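See below for the structure under consideration.
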Amino acid sequence: MSNNASPSDTTKTSIHIPYDLPMRPYHKLMARLVNQYSPRDGRILDVGCGVGNMLELVRRDSEAFELVGADIDQHCLDLATARVRIDRTIRIGDVLDLVDPTLDAGKFDVIVLSHVLEHVYRPYDTVRALMSLLRPGGNLILAVPNPVRLDVMAYNLIRRFDKVNKGHVQTWDRATWRNFLENILELNVIAYPIDFIRIPVVDKLQCLHPILHAGAVVFPGFARSCMAIVKNS
C-alpha cells in the first residue's frame, strides 16, 4: 500500500481502495441519499471521500452544492479534485481532526461517513463529533460493512475464517448496529437504507443491480452494508 504515488499514477492502492476505483452502483446509491436528505444548495462533507466517486455524482446533480472532501490520503484528495470541482479538501489523520473551529461547527447540511467508522478506534466519540458539525435538522449518512454478508461467509467457509480487512478495528452486524446507534449513542435514526447483496463479479453487471438490491430488501441481514440516516434534531 502506498500514500506517495504521483498524481498521474492510478495503479497503486491507497490506505483502503485502489486509486483507479471505478464507479459502482453503491456510489450512485450514496449520491441519491445525499440528494434526498440535503437542500439543493446544501453544504456537504464527505469524510473518507477516496478518489471522489460519490462526490462526482453529487456534483452532476447540482452545481449549487458546496462540497467538502476529507481523507487521510493526500493522493486520493488530488485525484478527487482532478475529476470533480470540490470547494474544499482537508487532509486528516483521524476523523476527530475535523472538530476544528475553522470548519464552522454546525454548518453542514449532510455529512457522509461511508465505510470509514470501522477503521477508527473511538467510534462513539467520532459519531458524536460529526453530529456537532451538522446544522439543526441536518443529516448524517452512515454506512459500515456487514460482516455476515454472503460473500464473506462463503469465503470464510472455504478459507477457514480468515476473511478480514486488516485495517478494520470495529465491526457491527445489523442488530449490533441498531443497538450502537439507538441505545448507546441515543441518536435520532430516521431511516435504515438498504444497499445490495454482494456477489463478486456478478455485482459489477449493471443489469443485475436491481435484482441484487431487491434481494437485500428481502434479506437485509445479507446486505453489503449496515446503513443509517441520523437527523440532528
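The values are calculated or read from the model by the stated rules, or taken from the named source; none is laboratory data. Keep in mind the model is a prediction, meaning the values are calculated, not measured. Note that each Cβ is placed from the backbone with ideal geometry, even for glycine, and that neighbours are counted across all protein chains shown.
List of remarks:
- Test: residue in region 146-158 that is crowded, with 21+ Cβ neighbours inside 10 Å, at pLDDT 70 or above, in contact with a strand residue (DSSP E or B) (Cβ under 7 Å, 6 or more places away or on another chain) and within 26 Å of Gly42 (Cα to Cα): no
- Subset of region 177-231 that is closer than 19 Å to Arg128 by Cα and touching a Pro at 6+ places or on another chain (Cβ under 7 Å) - its residue that is modelled with the lowest pLDDT: Met227
- Tally of residues being surrounded by 12 or more Cβ atoms within 10 Å (Cβ to Cβ) and in a helix (DSSP H, G or I) across region 164-178: 4
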